[in-house]
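**Q** My questions will all concern the structure given below.
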Amino acid sequence: MKKALRITSVLLICLLILSIAPSTFGNYASADICAANFLPNYYVPYVDDNGKIIILDTQQEVQLSENTADYISLELNRYYWLYDVRNSLCTDVNFDYCVYDLQNYDSAVIYSKGHLAWASCTSGYAHHRLSMYQGTSQVWDSEIYQLTSSKNVNSFIWHCKTAISPDPNPNTCVCRGLPRAFTHNQNIAEWGSSGSQVYLGWNDNVPYGNPLSGGSPQYSWEIDPTIHSNYSQVAGLYYYYVCQGYSTAQALSMLAQTLFYTSYAYSDLSGKTNSGWLVVYGNMYVGLP
């Protein structure tokens, strides 16, 4: 009954979502596939180990996020229906509605860039939740699981620690982990070669020398100061290549060569260990539907 009430309340918000339809939906090139681009920009103060206050989403970070979101939406909207939900519109209610509505299509593509929060559960594992605009609302992994399905074919969740699937038995505390929540594959494997889904997320192995001790890279971080490249180019190049028909593995290989002048396995994205930093779950040979 609670789930039914939850879904009903989400559906009632459709009028709010549809009020931004002219800027949300595009060319309707393929009505059986829908995509979503989420961007809950906000400023977050962070205190480092020396007590220094760092603002995560600086003005440069916000601007790069907007520019990258513009590009990703332009690329995806060439092929699919598109939800483009940003800033003050990117609330927990709107996020829930969009990911739920995506399941009405044959396949779904999701990109989200933001921050993550977590909370301990009774079994000792952690619930993970995506922070929405201004950090005043979050969407839990268990909540996403209730609203989604295996129709999510390609998901790239650029929030901290989104590659962590901590609980082998989610029924103990409904801790799904975001890879499982988005794909509904309870046994989804890292760097697999089978199935029809792919999920990209970040673990907690930030490469040495970056300003924060864990999570995911900020767009404003420099990759190579000599050419002033930044991590926003990772997202942009990924969607450039997969929209050209490349698989996820091929796209990562191409962008690593472009940004790091080396293979993906030896780039800062992956590191030189099996744990890596940017982790691919599901079938790495899957691109866009």
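The values are calculated or read from the model by the stated rules, or taken from the named source; none is laboratory data. Please read these numbers as outputs of a predicted model, since none were measured by experiment. Reconstructed Cβ throughout: ideal geometry from the backbone, glycine too, with neighbour counts over all protein chains shown. Please note that ligands, DNA and RNA were not included when accessible areas were found on the heavy atoms of the full protein model with its side chains. Shrake-Rupley method; radii C 1.70, N 1.55, O 1.52, S 1.80 Å.
**Q** Pull out the extension gain between residue 50 and residue 67, defined as 0.36 nm times the separation in residues minus the alpha carbon to alpha carbon distance; nm, one decimal.
**A** Net length gain for the segment: 2.9 nm.
**Q** Residues with beta-carbon under 10 Å from that of residue 178, excluding residue 178: net charge, scoring Lys, Arg +1 and Asp, Glu -1?
**A** +3
**Q** Right, next: Heavy-atom accessible area of residue 64 with all protein chains present, probe 1.4 Å, nearest 10 Å²?
**A** Number for this one is 30 Å².
**Q** What residues qualify as long-range amide H neighbours of residue 41, i.e. H under 5 Å apart, gap of 5 or more or another chain, H built at 1.01 Å from N?
**A** Residues meeting the criterion, in which the H sits 1.01 Å from N, are 87.
**Q** Per-residue accessible area for residue 153 at 1.4 Å probe radius, Å² rounded to 10?
**A** 20 Å²
**Q** What does the accessible area of residue 83 come to, in Å² to the nearest 10, when a probe of 1.4 Å is used?
**A** Residue 83 has an accessible surface of roughly 0 Å² with all protein chains in place.
**Q** Sort 132, 254 by heavy-atom solvent-accessible area, probe 1.4 angstrom, most to least.
**A** Final ranking, largest accessible area leading: 254, 132.
**Q** Here is a further query. Could you tell me the calculated FRET efficiency between residue 189 and residue 263, based on Cβ-Cβ distance and R0 = 30 angstrom, to the nearest 0.05?
**A** According to the calculation, E is roughly 0.90.
**Q** Kindly sort 228, 159 by accessible area of their heavy atoms, largest first, with the probe set to 1.4 Å.
**A** 228, 159
**Q** Would you mind classifying the range 58-128 by shape? Square roots of the alpha carbon gyration tensor eigenvalues, ordered a ≥ b ≥ c; an a/c under 1.5 is rounded, otherwise it is prolate if a/b is larger than b/c and oblate if not. Please list the in-between numbers first.
**A** Details: a/c = 2.39, a/b = 1.29, b/c = 1.85.
Oblate shape, in that a/c is at least 1.5 and b/c is the bigger or equal ratio.
**Q** Here is a further query. Just to make sure I understand: if all protein chains stay in place, what is the order of 86, 78 by accessible area at 1.4 Å, largest first?
**A** From most exposed to least exposed: 78, 86.
**Q** Rolling a 1.4 Å sphere over the protein heavy atoms, what is the accessible area per residue of the range 186-264, to the nearest Å²?
**A** Details: 3410 Å² over 79 residues.
Accessible area per residue, the range 186-264: 43 Å².
**Q** If R₀ is 30 angstrom, what is the calculated FRET efficiency for the pair residue 224 and residue 150, using the beta carbon separation as r and rounding to 0.05?
**A** Working: r = 39 Å, r/R0 = 1.28.
After rounding to 0.05, the efficiency reads 0.20.
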